Amino acid sequence: MRRTCGVGSRTVGPGASKDDRLDFRHMADNIRQMPNIALLTIRYDDNLHVVDVLKRGIPARALASLAEALKLTLPTLAAAVLIPQRTLERRLADNAVLKTDEAERALRLARLFAKAKEVFEDGGEAAAWFGEPLSVLGGQTPLELCATEAGAREVEQTLGRIEHGVFA
């Protein structure tokens with residue numbers, strides 16, 4: 001019985017020739033050879049570039065540098081982007097890429113952190129700001145709000161007000 005597996009014209013099953021079978025070891029090697037994407041160096045002002053980055057896939061290991069920049073543990077960052085800790089551990093062990101929705105949440109947080117670094121002109125100060133409960137954010141931290149699109153918009157607006165001197 002020959003079945004199409006949905007990846008190009010490859011087939012699986014006993015009737016498939018050796019050349020037609022998926023080589024999962026080869027796929028794993030390709031993932032390991034993927035470049036590590038530095039989430040803080042992406043051009044966030046170019047939406048088409050961001051879409052391209054998402055389509056290519058973001059390795060789970062890219063979250064480690066973001067966690068370091070935000071001065072967070074990896075489990076804390078995973079919670080902030082709504083990835084269960086065990087899932088992230090498995091993806092890291094498998095050297096896998098994030099699912100698109102996870103990658104979008106990670107990019108959203110990285111984009112806002114990059115903006116905060118710009119506004120505060122200091123990565124350490126920006127990281128500290130992300131962990132501070134703010135009354136203007138209903139007593140929540142910017143990090144907590146970045147888990148949702150609406151919350152992230154509020155964080156972005158708050159950064160805009162700080163940048164333009166509305167908050168002293």
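Summary table
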| read-out | value |
| --- | --- |
| Contour minus Cα-Cα distance for L134 and D45 (0.36 nm per residue) | 29.4 nm |
| Amide proton proximity set for Q140, modelled H, under 5 Å, gap of 5+ | L134 |
| Full-extension gain in nm, A67 to Q157, via 0.36 nm per residue minus C-alpha separation | 30.1 nm |
| Cα centroid separation - segment 54-83 against segment 92-117, whole Å | 6 Å |
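Bear in mind these aren't lab numbers, they're just calculated from the coordinates by the rules spelled out. Keep in mind it's a predicted model, so treat the numbers as computed, not measured.
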